[in-house]
1. Could you tell me what percent of the accessible area of the chain is made up of carbon and sulfur, with a 1.4 Å probe and every protein chain present?
2. Could you work out the local net charge near residue 244, counting Lys and Arg as +1, Asp and Glu as -1, over the other residues with Cβ closer than 12 Å to its Cβ?
3. Kindly state, to the nearest 0.05, the FRET efficiency for residue 195 paired with residue 125, given R0 = 22 Å and r defined as their beta-carbon distance.
4. Starting from the Cα gyration tensor of the stretch 86-156, take the square roots of the eigenvalues, sort them a ≥ b ≥ c, and report rounded, prolate or oblate (rounded when a/c is under 1.5, otherwise prolate if a/b is larger than b/c, else oblate).
5. With the cut-off at 1.5 for a/c, could you classify the stretch 40-129 from its C-alpha gyration tensor as rounded, prolate or oblate?
6. Could you give the length gained by full extension between residue 55 and residue 111, i.e. 0.36 nm per residue of separation minus their alpha carbon distance, to one decimal place?
7. Tally Lys and Arg at +1 and Asp and Glu at -1 over the other residues with C-beta under 11 Å from the C-beta of residue 131: what net charge comes out?
8. Please provide three numbers in whole Å: the alpha-carbon extents of the stretch 40-86 along the principal axes, with the largest listed first.
Amino acid sequence: MDSDQAKSQTTRQADDQAPNVRTSDRTSDRDALAVVSQSGPTLTFFDAHTYRRQQTLRLPAEPHEACFDPDRRLLYVVSTYVSGYYHDHRGRARQLSVVDPDTRRLVDVVDLGPDHAPHGLALDRARNRLYVSVEATDTEPGGVVIVDTRTRRRIGRIPTMAPGPHWFAVTPDGRLGYATNKEAPYVSVVDLENDRFAGRVEVPGSEGLDVSPDGRHVYVAAPKGDFRAHLAGEPGPRPGLRVIETATGRVVRTLPTEGVVFPVHTTATGAVLAGELRMAEEPGGALGAQTDGVLTVFAPDTLEPVGQVTVGRFPLTITSSPDGALGFVANVMSSTVTVVDLHRLQVVTTLGVDRAGEAGAHGLAYIPAAPAGPKPHPPAA
């Protein structure tokens, strides 16, 4: 039995052992985990306590990342390409899907045109803003589109001065935003108070990133994942997490890793989670020949490595429970989500996610149960 079959069996066992869930238990009165399938193209909801699959919703192709808005209890999902991957696709998409996670309905699709290839999502709850990173057009460099979450209308755009901004994160005070840029040898910094480009922090290409809960540091996965260079045995920068000090805009430390890192996530406790790829020494598809990856955990404050847990093939997105006790790793090549107990550093279960092509589980969002009472905000007109 290969690793993907074993994970599928684990998922079926979790479904079989979970207690029967009434229809009313499948909506807003229980915590849920929403998982995007890139080639699905779908959004699947799981009960966040029993891990039982609840419902699957079809979305515009091809969805990537997801972001939950707790004030409006809405889920935002970007569609990045018509199909394919960064630099290997059949056209750029430009949709932002808006999903009601309580009724499990697609309530709106926002056209981000003339911009295209949206990817990173970051929410500023205090200012009612959703930031969406977008790739360069024929007339504009890559940038960040600003969407008013009250109206779901585009209200601005900030250039990042790079062609392919990918992941995007903001400081807790909403003053600064950071975009990773794949090939460009820097992280772009944007001033969100004045909506302008603010500078560059040099790194050797970059993938995922996240900001510490106190806003003092940004953790950046670098260098960019280059599968062709790996097969050719070409030397490159040592992989790891570059730690940027937000007060000075300087890299003050590097957390070394064995493999190239794509997703980075900080928990509510300040732990830093990094998804490391493991590649076989043989040709593969557009994403290389991937074997099971690794979740590496760094301790809060000291940032010393705590331990590692084996996950699925090509970890691409990470999120965690609100208390920081559980980590969820979406593995795009396995099309699974590995649920990890972050205290014991043990796999709790593995969730299977349907897919129609090579790319499966991608974006993640943890959705806490809704408070009692009416939905906080009506849909935008």
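The values are calculated or read from the model by the stated rules, or taken from the named source; none is laboratory data. Here the structure is a predicted model, which is why all the values come from computation and not from measurement. Note: ideal-geometry Cβ built from the backbone for every residue, glycine included; neighbour counts use all protein chains shown. Note: accessible area is taken over every heavy atom of the protein model, side chains too, but ligands, DNA and RNA are not part of it. Shrake-Rupley method; radii C 1.70, N 1.55, O 1.52, S 1.80 Å.
1. On the way: 7470 of 15630 Å².
The C+S portion of the solvent-accessible surface of the chain is 48 percent.
2. +2
3. Working: r = 18 Å, r/R0 = 0.80.
FRET efficiency, residue 195 to residue 125: 0.80.
4. Numbers: a/c = 2.19, a/b = 1.39, b/c = 1.57.
It comes out oblate by the Cα gyration axes.
5. On the way: a/c = 2.05, a/b = 1.28, b/c = 1.61.
The shape class here is oblate.
6. Values: separation 56, 0.36 × 56 = 20.16 nm, distance 2.55 nm.
The residue 55-residue 111 span can extend by a further 17.6 nm.
7. Working: positive: 127, 129, 157; negative: 124, 195.
Once all neighbours under 11 Å are counted, the net charge is +1.
8. 34, 25, 16
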